[in-house]
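Colleague: Pasting in a structure now, in structure tokens, and then I'll have a few things to ask.
The values are calculated or read from the model by the stated rules, or taken from the named source; none is laboratory data. As the structure is a computational prediction, the values presented were derived from the model and not from experiment. When we count neighbours, we look across all protein chains shown, and the Cβ atoms used for this are built from the backbone with ideal geometry, even at glycine. Side chains included, ligands, DNA and RNA excluded: accessible areas come from the protein's heavy atoms. Shrake-Rupley method; radii C 1.70, N 1.55, O 1.52, S 1.80 Å.
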Amino acid sequence: MSGRIIVLSGGVGGAKLVLGLSRAADAKNLTVVANTGDDFDHYRLRICPDIDTVLYTLGSVADKDRGWGREDESWQFMAAFRELGGEDWFNLGDRDLALHVLRTDLLSKGESLSEVTAKIACRLGIEAQVLPMSDQSVSTIVDTVDGRLAFQHYFVRERCLPEVTGFTFEGLDEARPNPALIQMLDDNPSAVIIAPSNPFVSIDPILSVPGLRDRLRNCGAPIVAVSPIVGGQAIKGPAAKIMNELGIGSSAIEIARHYAGFIDGLVIDNVDSEEKSDIEALGVKVKIAQTIMTSIEDRIALANCALDFACLIGKESTK
């Protein structure tokens, strides 16, 4: 597929497909819009988990076993910090810490998050463009039966254990879509791909930035999502748990319902093929494929599948 490809992504699961897309297409034509609802300040350092996972993955320095953080990491800072009585619920590796210190310093000097991210991507030799969804801060708040929790407190400190009742995105009143993304949407992109990230805490924050959902929907490009649910389970993270606690059940068809009216197509796994007709009844086209990515070959194959599907939808819409 030629032309600009835009992918909306969260962290670990989304970054896998992002890497595949960077190999399946010209990486210079790939723009990754990363969720920043997870961003937070920890000991006065600005930490952007989803942006960093995408950067580390595209820069070939990600820890392949954990799926997050840097490879060949050491933890002497955290060990010393713990000895001195510091809270250690959020791990900061020694190599990872360098990025957070640099980002915080550059932001304090007046650079935007987009500018800082571009500098880091360049240093890592990344050809794809990585954009935060907004340069203004948006914070995901998880509503639970035990009260409201900042996302990282829910996700890391509490290990996703509290029962979820809903989500709030704070800061939307001041947030604006990334201007570079708006420019691309005006330049007729070829496809918009939604990575297999958690729809509630990774993709919804992006789509909640004022005006962005409509701009994406009206940019003229086919929008294809890859389901993060396979056989009723999430490949990574708490998506299935959240869906069940919200009372909607975890299935590919519920992913389709969540995105209905916005996406044109949904890629679902082979094991969910029996849901195809029900999903299509929602007005969403379906492609069945292997969506579990255990190797780089799997990532590239799924990326090609999503791109070919988007291309087909685009051709059909012009008939």
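Colleague: Pull out all pairs, ordered by first then second residue, where Cβ-Cβ is under 8 Å, the residues are six or more apart or on different chains, the first lies in the range 143-167 and is under 18 Å from Trp68 (Cα atoms), and the second is aromatic (Phe, Trp, Tyr) and in a helix (DSSP H, G or I).
Modeller: Cys160/Tyr154
Colleague: Can you work out which of the residues in the range 198-226 that are in a loop (DSSP other than H, G, I, E, B) and closer than 17 Å to Ile51 by Cβ is most open to solvent (accessible area, probe 1.4 Å)?
Modeller: Here is the first cut: in the range 198-226, the ones in a loop (DSSP other than H, G, I, E, B) are 198, 209-211, 218-222.
Now narrow it down to the ones that are closer than 17 Å to Ile51 by Cβ: 198, 209.
On the way: Asn198: 20, Val209: 1 Å².
The extreme case among them is Asn198.
Colleague: Still on this structure: Could you check how many residues of the range 114-139 are open to solvent by 20 Å² or more (accessible area, probe 1.4 Å), touching a Gly at 6+ places or on another chain (Cβ under 9 Å) and not in a strand (DSSP E or B)?
Modeller: 6
Colleague: Report, by residue number, each residue of the range 228-252 that is under 19 Å from the mean Cα position of the chain (by Cα), in a helix (DSSP H, G or I) and in contact (Cβ under 8 Å) with a residue 12 or more places away in the chain.
Modeller: Ala239, Lys241, Ile242, Met243, Ala252
Colleague: Which residue is most open to solvent (accessible area, probe 1.4 Å), if the candidates are limited to the range 282-302 and must be among the aliphatic types (A, V, I, L, M) and within 14 Å of Ile255 (Cα to Cα)?
Modeller: Only one residue tops the list, namely Leu282.
Colleague: Tell me the helices (runs of 4 or more DSSP H) entirely within the range 1-108 that contain at least 3 residues that are without any contact (Cβ under 8 Å) to a residue 24 or more places away in the chain, under 24 Å from Ile182 (Cα atoms) and of a type outside the set (Val, Ile, Thr). Even if it seems obvious, please write down each step before you answer.
Modeller: Values: elements: 12-24, 49-58, 76-83, 94-108.
Those helices (runs of 4 or more DSSP H) do not exist here; none qualify.
Colleague: Applying the selection to the range 166-197, what residues are more than 16 Å from Ser9 (Cα to Cα) and in a loop (DSSP other than H, G, I, E, B)?
Modeller: Gly171, Leu172, Asp173, Glu174, Ala175, Arg176, Asp186, Asp187, Asn188, Pro189, Ser190
Colleague: Oh, and also: Run down Ala191, Ala195 and say which single residue is buried (at least 18 other Cβ atoms within 10 Å of the Cβ) and either more than 25 Å from Arg66 (Cα to Cα) or of a type in the set (Ser, Thr, Tyr) (or both).
Modeller: Ala191
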